[in-house]
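The values are calculated or read from the model by the stated rules, or taken from the named source; none is laboratory data. Everything quoted here is computed from the prediction, not taken from an experiment. Please note: Cβ atoms are built from the backbone with ideal geometry, for glycine as well, and neighbour counts cover all protein chains shown. In case anyone asks, the SASA skips ligands and DNA or RNA and just uses the protein heavy atoms, side chains included. Shrake-Rupley method; radii C 1.70, N 1.55, O 1.52, S 1.80 Å.
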Amino acid sequence: MIHLYAFARGLRALETGLEARPFGSVVAVVVGASEPDPLQHGLVVERLLDQADAVLPARFGERFAGDDELAAAIAPRLEALEAQLDHVAGCVEVGVRIVPRSEPADDEDGAGYMRARLREQLAAEEVHSALAAKARDSVRTNRDAGYLVPRGDVEGFSHAVQRLLESKPGLDVLCTGPWAPYSFAAAT
Amino acid sequence: VTLLDLVDRVLNKGVVVTGDVTLSVADVDLVYVGLRLLLASAATLEREAAA
């Protein structure tokens, strides 16, 4: 059984136990013998981030009976994988979760509650568009957002998050990462 | 939070090249492994908070 960790380009090194399967300029990073758990999978992908120019994480659970099956799954998607690797090259993902600091008070009427929710949403919207303008790409679902940020800009980006946080006293912002670009590795 | 975020990413995001094959084969133990991990990490967090 072959377990797929990620696709990579410009792979400089590979930790013991991992194997590289090249398909043109795209390298599939796999393990043959053992079956990792989700946490191991995630940690391997994070370490891979330091060893390659571009890393496209695979979702946990991509398993193949053998090399032939792996090649058959990749061949029709090679162009899409190359394009996605181009897109994330040199970048990491920064996760930002926006959490309203206080729930509206119980004694507020319905309209008051809705106004408070609206204010919170507008503030979150503002934070998101300010951060999206600084990132190469962004993905947002409800309160969670992922930003694709060039490796060298991560510090500047987190300062920007810090400044926005200070200007929005009603919101708590949880910043995580740098991650491998999971949110920018689309299911093909 | 970061450990849960990592597991969440690993299980819900990332490239899929196997189409629907994985779902039918691995769905059961994926949920199981994921759940076990979440429970384990919640226990670890509690322990750390108590320490």
(message) I need the fraction of alpha carbon pairs in the stretch A:66-188 separated by more than 26 Å, rounded to a whole percent.
(response) 37
(request) Tell me the trypsin sites (Lys or Arg not before Pro) within the stretch A:1-82 that lie in a loop according to DSSP and have at most 12 other beta-carbon atoms within 10 Å. (result) A:Arg12
(request) Using DSSP to define loop residues, name the trypsin sites (Lys or Arg not before Pro) in the stretch A:83-188 whose beta-carbon has at most 12 other beta-carbon atoms within 10 Å. (result) A:Arg101
(request) Give me the orientation-averaged projected area of the Cα convex hull of the stretch A:1-106, in nm², one decimal. (result) 9.3
(message) Based on C-alpha coordinates, I'd like the Rg and Dmax of the stretch A:1-58, in Å.
(response) 10.3, 29
(request) Rounded to whole Hz and in sequence order, give me ³J(HN,Hα) for the stretch A:151-166 from the Karplus expression 6.51 cos²θ - 1.76 cosθ + 1.60, θ = phi - 60°, writing x for Gly and Pro. (result) 2, x, 9, 4, 5, x, 5, 6, 5, 4, 4, 4, 5, 4, 4, 5
(message) Tell me the total accessible area that A and B bury against each other, 1.4 angstrom probe, in square angstrom rounded to 100.
(response) 2400
(request) Scan the stretch A:1-95 for GluC sites (Glu not before Pro) in coil per DSSP, keeping those whose Cβ has at most 12 other Cβ atoms within 10 Å, and list them by number. (result) A:Glu15
(message) Considering only C-alpha atoms, what is the centroid distance from the stretch A:42-121 to the stretch A:125-147, in Å?
(response) 12
